[in-house]
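The values are calculated or read from the model by the stated rules, or taken from the named source; none is laboratory data. The model shown is predicted, which means the values in this text are computed figures rather than measured ones. When we count neighbours, we look across all protein chains shown, and the Cβ atoms used for this are built from the backbone with ideal geometry, even at glycine.
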């Protein structure tokens, strides 16, 4: 079945919200639903759509997978609390890191995050809750890229010929699947989410595991997490579509206090884009590039080299892996 | 023994040349010497100093190690022919690539190039020629970095406690060892070398093997060689101290014609520096960065990502490995 795209330009956000709320309400009926909130614009919009449609019949979880950015669970929980939505934080760090141990292939890493998320953590929550419906923030670009075999997104099943009800025991609703990122932002704003959410940069499903080339260990996550804080801090005002720090597996020669140090390399990417299908590197001023490199070298232990990504998508993709 | 530095500012190039020519002449006496010319400023200056001192008693070889840039042997041979110096090209590609096979550690790669150069190829040439003296373009920065343990340069023995006469069967003369790069350039100009040589960017001893992270295979050398042509072409006018293209071992996700391509990444470095001890990335204009990325993506097969190095030395070093 082909999905009918709704371009952001022709989207009537209020009408779209009304329609989706009605459909969620009808589909779930007297049942209960659950959803996972990451704090990104997609899952935040879905949480509010579901909350409007179902009220207390929707149970919203924030899965702490150990792959999040600094302070993420606390920030997201506090924001939604202020919007009247209760969010339960589930600590699943050991399960995710255990599943990622020893994996270096990008597809295997994504698959480990997917399986841990759906089969283990969410499967358990659904069984406990008795919910038969899962609300999810899949957007059209996720579907396109999965169908094209570019990346297996963590949230696309039907397109891969997997029946989630049979495979995972519940049914998935994807109210945003006709939209691209720019459309979702309009919906999020119309839902009353603050600019920090509706204008928020995309963050990948496998989170920081997608930003560690090679094995995702707690030590390597700590490095990329520190670099991410600095990158997002310094590029907050850049007006970019998305920015990120990536820890390479390749080691490079450096020197500190006159001695050789075979150290780490961090790659920064900062994208200009409207809808994530095409993107070009932001033409950051040199002062910003030098500030980025200076702070990362000073604050992230063992890093001796910093690069800035200068290739467009395509043939690059937004994330490195 | 401490080496007495001659800073470029106080260097009298004509007097320096006269002094070195006299010393080479005295040391070699009625013997014969050989030297290896790579075409860089250091070995070019040494070749002319030796030629002035020894005339036909100096035999100059260009070792084709398979790690050179596009067209290098032909270009160097033609230039020195025009200066009245005969250069013999020795094809040692199989020996070098054989020695590098399977090696990924930077120090092991450097060591393999060093051993192949001195013990195998040069040892053989010296035996054939009967020469007991090798002229070599070591400069003071090479010595500093080797002593500090940052990099083992291919041409520093005394500082490592290795007696080249005992280890390799000949004696090494290093007429440029009191100079840094800026001093060598003055000497090269005073020797009558053209701007393409005295203003030429440094190129590392292990050549393109230093610009392939991971194993140095003929296929990977071909990729970095293509990227090097483009980089040097587009940055020829940038006024930089040194520029380079580096092939990473890390693979990254890209897309071509709508399909996923798990491809290669090329890193560009372009340095502003006076003496190679400290260096900062050249603030290239965005038009140049985009032209670099555009041509590399279009012309180097399998490359889906290009980065530009934005960290200073230290804590980076000029070369990645």
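Go through (1) under 26 Å from residue A:107 (Cα atoms); (2) at the interface with another protein chain (Cβ under 7 Å from one of its Cβ atoms); (3) modelled with pLDDT of 95 or more for residue A:321 and report which single condition fails.
The one condition residue A:321 does not meet is (3).
Of the residues in the range A:258-280, how many are touching a residue at least 24 places away in the same chain (Cβ under 8 Å), out of contact with any strand residue (DSSP E or B) (no Cβ under 6 Å at 6 or more places or on another chain) and surrounded by 18 or more Cβ atoms within 10 Å (Cβ to Cβ)?
1
For the range B:283-292, which positions are surrounded by fewer than 22 Cβ atoms within 10 Å (Cβ to Cβ) and in contact (Cβ under 8 Å) with a residue 24 or more places away in the chain?
Across the range B:283-292, the qualifying residues are B:284, B:288, B:291.
When the range B:53-65 is examined, which residues are found to be in contact (Cβ under 8 Å) with a residue 40 or more places away in the chain and out of contact with any strand residue (DSSP E or B) (no Cβ under 6 Å at 6 or more places or on another chain)?
B:65
Which condition number in (1) touching a strand residue (DSSP E or B) at 6+ places or on another chain (Cβ under 9 Å); (2) closer than 19 Å to residue B:134 by Cα is the one that residue B:77 fails?
(2)
Return only the number of the condition from (1) under 22 Å from residue A:282 (Cβ atoms); (2) within 9 Å of chain A (Cβ to nearest Cβ) that residue B:249 does not satisfy.
Result: residue B:249 fails condition (1) only.
Name the one entry in B:222, B:240 that is more than 11 Å from every other protein chain (Cβ to nearest Cβ) and free of Cβ contacts under 8 Å to residues at least 24 places away in the same chain.
The unique qualifying residue is B:222.
Select the strands (runs of 3 or more DSSP E) contained entirely in the range B:1-105, then report the ones holding at least 2 residues which are farther than 30 Å from residue B:222 by Cβ.
B:33-36, B:58-64
Do the conditions hold for residue A:295, that is, is it in contact with a helix residue (DSSP H, G or I) (Cβ under 8 Å, 6 or more places away or on another chain) and modelled with pLDDT of 95 or more?
So residue A:295 passes the test.
Here's a check for you: in the range B:302-317, which residue that is part of a loop (DSSP other than H, G, I, E, B) and facing chain A (nearest Cβ under 7 Å) is nearest to residue B:241 (Cα to Cα)? Please lay out each step first, then the result.
Within the range B:302-317, the subset part of a loop (DSSP other than H, G, I, E, B) is B:302, B:310-312, B:314-315, B:317.
Retained after the next criterion (residues that are facing chain A (nearest Cβ under 7 Å)): B:310-311, B:314-315, B:317.
Details: B:310: 15, B:311: 15, B:314: 16, B:315: 18, B:317: 13 Å.
That would be B:317.
Is it true that residue A:230 is under 20 Å from the mean Cα position of the chain (by Cα) and at the interface with chain B (Cβ under 7 Å from one of its Cβ atoms)?
It is false that residue A:230 is under 20 Å from the mean Cα position of the chain (by Cα) and at the interface with chain B (Cβ under 7 Å from one of its Cβ atoms).
Of the residues that make up the range B:35-53, is at least one more than 23 Å from the chain's Cα centre (by Cα) and at pLDDT below 95?
No: the range B:35-53 contains no residue that is more than 23 Å from the chain's Cα centre (by Cα) and at pLDDT below 95.
State the number of residues belonging to the range B:266-292 that are within 7 Å of another protein chain (Cβ to nearest Cβ) and farther than 17 Å from residue B:237 by Cα.
Counting residues in the range B:266-292 that are within 7 Å of another protein chain (Cβ to nearest Cβ) and farther than 17 Å from residue B:237 by Cα gives 1.
Tell me which residues, restricted to the range B:142-171, are surrounded by 18 or more Cβ atoms within 10 Å (Cβ to Cβ) and at pLDDT 65 or above.
Correct list: B:142, B:143, B:144, B:145, B:146, B:170.
Please specify each residue of the range A:208-244 satisfying the condition of being crowded, with 21+ Cβ neighbours inside 10 Å and closer than 18 Å to residue A:104 by Cα.
The answer is A:208, A:209, A:210, A:211, A:212, A:213, A:216, A:221, A:223, A:224.
Testing residue A:295 on (1) touching a residue at least 24 places away in the same chain (Cβ under 8 Å); (2) at the interface with another protein chain (Cβ under 10 Å from one of its Cβ atoms); (3) over 24 Å from the mean Cα position of the chain (by Cα), one condition comes back false. Which one is that?
Failed condition: (2).
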